[in-house]
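Visitor: Let me begin by handing over the structure; questions about it come next.
The values are calculated or read from the model by the stated rules, or taken from the named source; none is laboratory data. In this text the structure is predicted, and so the values were computed from the model without any measurement. All Cβ positions, even for glycine, are placed from backbone atoms using ideal geometry, and neighbour counts span all protein chains on display. To get the accessible areas, we keep the full protein, side chains included, count just its heavy atoms, and leave off ligands, DNA and RNA. Shrake-Rupley method; radii C 1.70, N 1.55, O 1.52, S 1.80 Å.
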Amino acid sequence: MHTFFRACVLVLALSLAVPALAADAQLGKPAPDKPVKSSERSTVITVIHEGTDSIGARLSTRLKETLNASNLFQLNEKDMPKLRLLLNTVSEFPERPGVGSVYSVTWVFSQSENNLGYLLARDLGAVSADEVDALTNKLVERTDGLAVKYRYLFQ
């Protein structure tokens, strides 16, 4: 009886060890070089910035970088149905351009370059150099919400 119990334990241990060995064999395979973009819920978007202030330029660049890094958006300048994010910025105090900027963001759905766009939402505010990252996250979150809300326009 004691031998039978040992044999059962040995079979059980081997049955648990074989999947672990197979998993170890897959650990040697290299990971893909870059992440795969998901086309399941990817919104085509373009960011158009108008302004000459440095904080507004930083906001525009940071916004494009964040949207480009996200799997939820696809930056594209081609003439196709897309969400346009129109960003206008101006220095809050012309005498002190590094203090802050006033921004206006307008989200527009555009079927093509030759068609009139549909106004979806607007936002207005002031931003300092320290608040650029927080504002970028807020704008990306709002953009994603609008993309979900108006998904039917892209079909």
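Visitor: Of all residues in the stretch 122-148, how many are open to solvent by less than 90 Å² (accessible area, probe 1.4 Å), more than 30 Å from ARG96 (Cα to Cα) and of a type in the set (D, E, K, R)?
Guide: Here the count works out to 1.
Visitor: Name the residues in the stretch 83-92 that are open to solvent by 10 Å² or more (accessible area, probe 1.4 Å) and in contact (Cβ under 8 Å) with a residue 40 or more places away in the chain, would you?
Guide: Answer for the stretch 83-92, where residues must be open to solvent by 10 Å² or more (accessible area, probe 1.4 Å) and in contact (Cβ under 8 Å) with a residue 40 or more places away in the chain: just THR89.
Visitor: To continue, here is another question. Report the residue count in the stretch 98-124 for those that are of a type outside the set (Gly, Ala, Ser) and under 20 Å from THR136 (Cβ atoms). Please lay out each step first, then the result.
Guide: Restricting attention to the stretch 98-124, the residues satisfying the condition of being of a type outside the set (Gly, Ala, Ser) are 99, 102-103, 105-109, 111, 113-116, 118-120, 122-124.
Retained after the next criterion (residues that are under 20 Å from THR136 (Cβ atoms)): 99, 102-103, 105-108, 120, 122-124.
Residues in the stretch 98-124 being of a type outside the set (Gly, Ala, Ser) and under 20 Å from THR136 (Cβ atoms): 11 in total.
Visitor: Would you check if PRO81 is under 17 Å from the mean Cα position of the chain (by Cα) and at pLDDT below 95? Steps first, answer last, please.
Guide: Numbers: under 17 Å from the mean Cα position of the chain (by Cα): no; at pLDDT below 95: yes.
In short, no.
Visitor: Can I ask one more? So, in the stretch 40-62, of the ones that are outside any helix (DSSP H, G or I) and of a type in the set (S, T, N, Q), which residue ends up surrounded by the fewest Cβ atoms within 10 Å (Cβ to Cβ)?
Guide: Within the stretch 40-62, the first condition is being outside any helix (DSSP H, G or I), and the residues that meet it are 40-53.
Applying the additional criterion that residues be of a type in the set (S, T, N, Q) yields 42-43, 46, 52.
Numbers: SER42: 14, THR43: 20, THR46: 19, THR52: 10.
Checked the stretch 40-62; the qualifying residue surrounded by the fewest Cβ atoms within 10 Å (Cβ to Cβ) is THR52.
Visitor: Oh, and also: Just checking, which of GLU113, GLU95 is part of a loop (DSSP other than H, G, I, E, B), open to solvent by 70 Å² or more (accessible area, probe 1.4 Å) and within 22 Å of ASP53 (Cβ to Cβ)?
Guide: On the way: GLU113 fails: within 22 Å of ASP53 (Cβ to Cβ).
On inspection, the qualifying residue turns out to be GLU95.
Visitor: While we're on this one: If you go through the stretch 123-155, how many residues are charged (D, E, K, R) and outside any helix (DSSP H, G or I)?
Guide: The number of residues fulfilling the criteria is 1.
Visitor: Same structure again: Scan the stretch 58-82 and report the pairs whose first residue is closer than 24 Å to GLU113 by Cβ and whose second residue is part of a helix (DSSP H, G or I) and basic (Lys, Arg), with Cβ atoms within less than 7 Å and a gap of 6+ or a chain change.
Guide: Final answer for the pair search is LEU75/LYS64.
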